[in-house]
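Notes to accompany the following structure.
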Amino acid sequence: MAKKNKSRQKKFDTRIDFTPMVDMNMLLITFFMLCTTMLKSQTLDLVLPTNEKVDKEEETKIKESDAITFILDGNVTTDKNGQQTSTDSKIYFYEGQPDMENFTLNDIKFGKEKDAIRDMLQKRNKELLVEINKLKAQWKKGEINDSIYNARVIVAREKQAADINAKRPIIIIKPTANACYADVVRMLDEMQINEISTYQIESLNKQDSTLYEHKVGHALGAK
Amino acid sequence: MGKVKIKKQSTIIDMTAMSDVTVLLLTFFMLTSTFLQKEPVTVITPPSVSEAKVPDEKLVQVLVAPNGKVYLNMTGAKDSTQLSTETFRKEVLLDVYGDRKPGLTQKQVKEFCNLGTFGMPLNKISEWLNLPMEKRDEALKEEGGIPIKMSVKTTTEDGQSAAGQPNEFQIWLKAIRQVMHNHGLDDDLRGGHLVAIKAEQNCPYSLVQVVMDNLQTEKLNKFTLMTSLKQEAEE
């Protein structure tokens with residue numbers, strides 16, 4: 001009996017069909033692919049001055065001729081859901097002190113064309129940019145490696161910062177309440193691209209408002 | 001006449017190799033994935049050439065909706081010996097809530113620790129935490145937003161201007177500072193990477209400015225703006 005039984009034992013196929021397994025895996029992969037964020041957001045560092053009282057002596061004095069003030073403006077519309085959007089971005093600028101006699105306020109645009117912001121800032125910061133571009137060219141050719149390149153760029157920047165006579169633009173960004181947020185970020189970007197180390201964001205003061213009123217034809221915030 | 005013999009070929013394909021590949025892929029995606037954070041509003045951040053990445057720990061994210069509402073999200077340290085996200089949230093909440101009425105139950109506090117982005121006026125938090133999951137997001141959108149309006153400066157008789165009562169956003173910031181300080185994370189507090197502002201690219205600057213003003217009032221002068229990557233063409 002026992003012998004008979006043994007001989008009857010069937011040989012099982014050890015192969016398993018993997019198709020359902022693959023199906024399931026594919027589904028899971030699809031799920032993970034759709035749910036993940038591969039791209040992480042970037043950040044832009046920003047340092048604002050303290051709003052505490054600073055002694056007059058401690059205030060940093062800047063050369064008038066180096067200062068350029070940009071006024072960013074736009075047009076805000078509010079839709080029925082209360083969503084606010086800023087359109088028609090406009091940029092005005094003046095150099096040095098505000099001209100309270102003729103109320104000059106010039107137009108300028110973003111971009112790389114002649115007389116646009118990039119061009120203007122590049123001209124202003126030529127000395128440093130030329131030096132950095134030289135280093136960049138060397139680095140691209142492989143003459144210097146990453147660490148040397150970075151170190152030299154830092155040296156060049158510090159040299160400019162330490163030299164009192166160096167031509168170094170100081171940018172003051174003054175966005176109005178209606179300015180587009182993206183424009184402010186774009187302006188900060190221009191600072192990075194053009195290697196400008198001294199810039200700050202401020203709100204418009206009385207003189208700026210007067211200039212603005214003369215330029216646009218209505219007071220700040222009025223429409 | 002011999003018939004042409006056609007070999008009978010098996011139609012079964014061995015799926016083992018395929019399965020191996022898919023499992024590998026699956027493992028890759030599982031390990032690298034960070035899930036999309038649920039946020040009450042989706043915002044598109046402005047493009048920038050900046051390449052610095054958002055830190056994934058010790059971060060306070062301020063979300064500014066295009067309608068001016070402000071939400072917060074807090075992340076603790078990854079290192080388990082330091083301040084964890086849960087403790088961070090719990091302590092901040094308890095600090096902010098103080099002994100307001102109605103008091104928060106243990107369960108409500110626990111709920112709060114596991115949430116993502118939040119933003120409710122303090123008098124509504126308790127009520128909001130009692131809502132079922134599905135309704136919470138809606139409530140955030142409808143009546144949410146941390147009150148952020150700058151309080152009017154009061155001028156005392158001797159001509160010194162004093163900041164008015166802190167608004168709720170400032171109370172939250174104060175609590176965050178306090179908790180970070182208690183855990184010996186002062187360096188992170190001052191490092192300038194603690195607070196990140198996330199705002200829609202087309203929103204008017206005034207919405208962001210309010211947040212910045214509040215941060216300045218709380219002496220958090222260094223912070224970051226969240227941006228998306230823009231490739232700058234070489235000259």
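The values are calculated or read from the model by the stated rules, or taken from the named source; none is laboratory data. Since this is a predicted model, take the numbers as computed values, not measurements. Quick reminder, even Gly has a Cβ in these numbers, built from the backbone with ideal geometry, and neighbours come from all protein chains shown. All accessible areas refer to the heavy atoms of the entire protein, side chains included, with ligands and DNA or RNA removed. Shrake-Rupley method; radii C 1.70, N 1.55, O 1.52, S 1.80 Å.
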About its Cα centre, what dipole magnitude does chain A give when the only charges are +1 on Lys and Arg Cβ and -1 on Asp and Glu Cβ, stated in debye to the nearest 20? 2420
Could you derive backbone 3J(HN,Hα) for region B:169-176 from the dihedral phi with the Karplus parameters 6.51, -1.76 and 1.60 (θ = phi - 60°), listing whole Hz in sequence and x where the residue is Gly or Pro? 4, 5, 4, 4, 4, 4, 4, 4
By the gyration tensor of its Cα atoms, with a ≥ b ≥ c the square roots of the eigenvalues, what is the shape of region A:126-166: rounded for a/c under 1.5, prolate for a/b over b/c, or oblate? oblate
Give the accessible area for A:Thr77 in Å² (nearest 10); use a 1.4 Å probe, count only protein heavy atoms, and leave out ligands, DNA and RNA. 70
Using modelled amide H (1.01 Å from N, peptide plane; none on Pro or chain starts), what sits under 5 Å from the amide H of A:Lys90, excluding residues fewer than 5 places away? A:Asp73, A:Gly74
Can you count the Lys pairs in region A:126-166 whose Cα atoms are under 20 Å apart, with each pair 8 or more apart or on different chains? 5
Percent antiparallel among DSSP beta bridges confined to the protein assembly as shown, nearest 5, equals 65
Which one of A:Tyr92, A:Phe12, A:Ile68 is farthest out on the positive end of the charge dipole of chain A, using unit charges on Cβ (Lys, Arg +1; Asp, Glu -1) and the Cα centre as origin? A:Phe12
Report, in debye and to the nearest 20, how large the dipole of chain B comes out about its Cα centre when Lys and Arg carry +1 and Asp and Glu carry -1 on their Cβ. 1060
What percentage of the solvent-accessible surface of the protein assembly as shown, computed with a 1.4 Å probe over protein heavy atoms, is contributed by carbon and sulfur atoms? 53
Report the relative contact order of chain B, percent, no decimals, based on alpha-carbon pairs under 8 angstrom and at least 6 residues apart. 27
Running a GNM on chain A with Cα contacts under 10 Å, which residue among A:Leu129, A:Leu48, A:Leu72 ends up with the highest mean-square fluctuation? A:Leu48
So for the protein assembly as shown, taking the charge dipole from beta-carbon charges (+1 Lys/Arg, -1 Asp/Glu), which of B:Gln201, A:Leu28, B:Leu104 sits furthest toward the positive end? A:Leu28
Across B:49-55, the residue-averaged tally of Cβ atoms belonging to other chains within 10 Å stands at 5
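Order the following by accessible area, largest value first: B:Met18, A:Met187. Probe radius 1.4 Å; ligands, DNA and RNA are ignored.
B:Met18, A:Met187
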Of B:Val21, B:Thr45, B:Leu63, whose Cα points farthest to the positive end of the dipole of region B:1-78 (charges on the beta-carbon: +1 Lys, Arg; -1 Asp, Glu; origin at the Cα centre)? B:Val21
With a 1.4 Å probe and ligands and nucleic acids left out, the total accessible area lost when B pairs with A, in Å² to the nearest 100, equals 5100
With Cα springs under 10 Å, the Gaussian network model of chain B assigns the largest mean-square fluctuation among B:Ser33, B:Ser19, B:Ser50 to B:Ser19
Could you size up the charge dipole of region A:126-166 around its Cα centre, putting +1 on the beta carbon of Lys and Arg and -1 on that of Asp and Glu, and report it in debye to the nearest 20? 180
Considering only A:Glu213, A:Glu143, A:Glu158, give the residue with the highest GNM mean-square fluctuation for chain A, with springs between Cα atoms whenever their separation is below 10 Å. A:Glu143
